[in-house]
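Peer 1: Structure in structure tokens, see below.
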Amino acid sequence: LENLQPEIKELAKRLRYEVSARGKQLGWSEKVARFHFTKNMRRIVTELYIRDNCHPFKATLLLWVQIPLWVCVSLALRNCSVGARGSAVQEQFSSGGALWFTDLTAPDSTWILPVSLGLVNLLVVEV
């Protein structure tokens, strides 16, 4: 999308001139000229998106899949850790940790996991 911006600006400048000239020929008001400019500009931008296969909705598509998945996984882990799924699961979580976190039902007092997870996510986003 960013790579298309210079081309869109150039096409907008040319279209603005053409609409202005055509509007003077036909005696359009400012409102009618603006309507024709907006309609044609929308059509041109849509054609550019189709040509380069870069519709803005595609950038948000992954987000709409990840949010419900994240909510479901978070709720499932919470239910397991507080014993909502049975005491056997909670017993396994309370004795199944590793390294400095031996009890998976207790909050991380060192903040190592949340900070490292945040840094890894930031790295993924930046890369």
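The values are calculated or read from the model by the stated rules, or taken from the named source; none is laboratory data. A quick note: this is a predicted structure, and the numbers were derived from the prediction, not measured. All Cβ positions, glycine included, derive from the backbone under ideal geometry; neighbour counts span all protein chains shown. Note: areas computed on protein heavy atoms with side chains; ligands, DNA, RNA excluded. Shrake-Rupley method; radii C 1.70, N 1.55, O 1.52, S 1.80 Å.
Peer 1: As an exercise, use a Förster radius of 22 Å and the Cβ-Cβ distance of Val82 and Thr60 to find the FRET efficiency, rounded to the nearest 0.05. Write down the numbers at each step before the final one.
Peer 2: Details: r = 33 Å, r/R0 = 1.50.
So the FRET efficiency works out to roughly 0.10.
Peer 1: Rolling a 1.4 Å sphere over the protein heavy atoms, what is the accessible area per residue of the chain, to the nearest Å²?
Peer 2: 82
Peer 1: What's the carbon and sulfur percent of the chain's accessible surface, probe 1.4 angstrom, rounded to a whole number?
Peer 2: 64
Peer 1: For Val125 and Met41, what is the calculated FRET efficiency with R₀ set at 22 Å and r taken between the beta-carbons, to the nearest 0.05?
Peer 2: After rounding to 0.05, the efficiency reads 0.10.
Peer 1: For a Förster distance of 35 Å, can you work out the FRET efficiency between the beta-carbons of Arg51 and Val73, rounded to the nearest 0.05?
Peer 2: So, using R0 = 35 Å, E works out to roughly 0.35.
Peer 1: Sticking with this structure for a sec: Given labels modelled 7 Å from the Cα in the Cβ direction, how far is it in nm from Leu4 to Trp28?
Peer 2: Distance between label points: 2.2 nm.
Peer 1: Considering the values [x] 20.2; [y] 17.2; [z] 18.2, which represents Kirkwood radius over Cα pairs in Å as calculated for the structure under consideration?
Peer 2: It is the one labelled [x].
Peer 1: Where in the chain is the longest stretch that carries no chymotrypsin sites (Phe, Trp or Tyr not before Pro) classed as loop by DSSP and with at most 16 other Cβ atoms within 10 Å?
Peer 2: 29-99
Peer 1: Any idea how far the Cα center of segment 98-127 sits from the one of segment 37-95, in Å?
Peer 2: 21
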